[in-house]
Structure formats: C-alpha cells, structure tokens
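What follows is one structure encoded as structure tokens, with my remarks underneath.
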Amino acid sequence: MTKTYTILDCEMLFDRYLAEAYEEIDKDCKRVRIAARTIAIASLLDLTIDDLGRISVGRLRTYTTEHQNEGAMLTAVFDDLRACGDRDLVTYGGSAVDAKVLELSAMAHDLALPPQLKQIFGPRKEHPGHLDLSAAMKGFGKTWHHLSEIMIRMGMPVAVLRNKSEPQFAHDNLDWKAGIDHCELDTLMTAMALIAWRRVQGHQGLRIPPACFALLAAFLRQRPDAVAASILRREQAILLSVIEARLPRAA
C-alpha cells in the first residue's frame, strides 16, 4: 500500500515575557517551562513510499516569523497541513514538544488545529494522522533515542550533526539563515529515519541506501546552497558506492 507523509519540524524561541510572568507566579520554578516557547520556524517536507519501495519526494517549504507574527505564520502552516489532509504527519518527538507548543500557540491566536494535530482522547490512543517516530521506536520501553544518535548509527557524518543540539539563534540576534537550515535539515533527517524504520518493520521492496540516496538528491535539488550541502553530497557518493556494490555482477 502506498503511504504518503508530510514531515514537520519546528524551531522555537523562549518568550521572555511568558517566562518571567510564570516565574512571578511560581518563584520556585527553576527552569523555563514549555508554555513559554513560541514557534519561530516550521518546515514541511512531503514524502511518498509506494508498494515497491520507490520513494517520491515532494516540495520542501518553510514558514517563519521573520516578517510576520506567530499567528499569521501558523495560519499559513495550518492551511498547508489541511491541504495535506490525506497524508500522515510525521515528527520526531513531536507529540512531546512540537505538537504541544503548536497547540498552545493556536490557543493564544484563536486558531483551529489541522486534523493531524487534533487530540484523540483516551488512554494510549495514537492519532491516526500523526506518527511520532521517536515514540514509535520507544514503544513500551524506557529508552528514547535522540535523532542524532539514529543518524550516527546509520552512518551520517558527525560534521552534519555537531551543532544540532545547540540553539540556532537568540532573541537579540536572530540568524534566520542558520535557523532555517537547521529546521530543514531536521526534516531530511526525520525522513531518512522514517525510511529506515519502515524498512526494518518489514516494508517489502524498500531498501535504505537507494531510498536515502533519492531523498538526499531531492533535498539538494531544492536546497543546493544548504549549509551542509557539501557533506551531504559526499554522503550521496558513499551511498552510491554501497548501491553499486550490491548490484549483481555479470557472468
């Protein structure tokens, strides 16, 4: 069965007013709570995997608050997701962070959530339109994998991931190019992890090296000047050598 997905990743800022306001109420709180985050960047990437394991990569697009407020940006993001209503939304750790902040932001701006992010009530119920890959890999165990761990285990160069856990910008110095690059790269990494997970779960015909090669090629066609482009091209060359080594040899 052909499956269609939209990968979502968000970059957030801590709102100083919200953090200080809550600290005024709860002076014993020593950390900034999730409700003090606002969405600054949201990237979406479409991906289709057919019955034969072939992948088709759609458009990568990014929305920011660089020239608009959070409410206007989220309106565009939610409209985009509604237009992708036939696709499963995929996040990495999104049910614990991204979806929660999107929900809080929607409440602040009087916006209805798109169908993929609406809450399904009841114990342990997963929304059929939202796959949190991190939660799926955790299952009923206690071990959470960071996305960078998975990418390293799959052979992605450390140079691509070195600054992944660091904030890309602060309130006083917004580096939008760095933030967008970071967010879009996360959609690529999530898509690669999804491909690998679908393969090990038994998708007939899907093979990780050729699928990831095609994904990298599509990403680089759309973002040839991405900050990690040169490293990703080298990774493409490595994958190509793996694919060629697996080809049957002529007698």
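Here are a few things to note about the model shown:
- Choice from ALA42, ALA214, ALA83 showing the highest fluctuation, given a GNM over the chain with Cα pairs closer than 10 Å: ALA83
- For the chain, the spread of Cα positions along each principal axis, largest first, Å: 77, 41, 36
- Contour minus Cα-Cα distance for GLN222 and THR143 (0.36 nm per residue): 25.0 nm
- Antiparallel bridge percentage (DSSP; both residues within the chain; nearest 5): 80
- Estimated dipole of the range 178-251 in Debye, rounded to 20 [Cβ of Lys and Arg +1, of Asp and Glu -1, Cα centre]: 400
- ALA83 versus ILE152: modelled label distance in nm, points set 7 Å from Cα along the beta carbon direction: 3.9
- Long-range HN-HN contacts of ASP9 with modeled amide H, under 5 Å: SER43
- Taking amide H as placed 1.01 Å from N in the peptide plane, ARG37 has its amide H under 5 Å from the amide H of ASP15, each at least 5 places away in sequence or on another chain.
- With the convex hull of its Cα atoms as the shape, the range 182-226 has an orientation-averaged projected area of 3.1 nm².
- Remark on the range 36-131: ratio of C-alpha radius of gyration to 2.2 N^0.38 Å is 1.13.
- With at most 15 neighbouring Cβ atoms within 10 Å, loop chymotrypsin sites (Phe, Trp or Tyr not before Pro) (DSSP) excluded, longest segment of the chain: 1-120
- Relative contact order for the chain, counting Cα pairs under 8 Å that sit 6 or more residues apart, in percent: 21
- Solvent-accessible surface of the chain, taken per residue with a 1.4 Å probe and all protein chains present: 55 Å².
- Mean shadow area of the range 176-251 over all directions, Cα convex hull, nm²: 5.9
- Carbon/sulfur fraction of accessible area - the chain, other protein chains in place, 1.4 Å, %: 54
- Most mobile listed residue (ILE150, ILE41, ILE208) in the chain, GNM with C-alpha springs under 10 Å: ILE150
- The slack in the chain from ASP110 to ASP28, taken as 0.36 nm per residue of separation less the alpha-carbon distance, amounts to 26.4 nm.
- Between GLN119, HIS130, MET12, the Cα set farthest toward the positive side of the dipole of the chain (charges on each charged residue's Cβ, about the Cα centre) is that of HIS130.
- Placing +1 on the Cβ of every Lys and Arg and -1 on the Cβ of every Asp and Glu, with nothing else charged, gives the chain a dipole about its Cα centre of roughly 1260 debye.
- Accessible surface of HIS203 - all protein chains present, 1.4 Å probe, nearest 10 Å²: 20
The values are calculated or read from the model by the stated rules, or taken from the named source; none is laboratory data. This is a predicted model, so every value here is computed, not measured. Positions of Cβ are backbone-derived with ideal geometry, glycine not excepted, and every protein chain shown enters the neighbour counts. Each accessible area value is taken on the protein alone, full model and side chains, heavy atoms only, with ligands, DNA and RNA left out. Shrake-Rupley method; radii C 1.70, N 1.55, O 1.52, S 1.80 Å.
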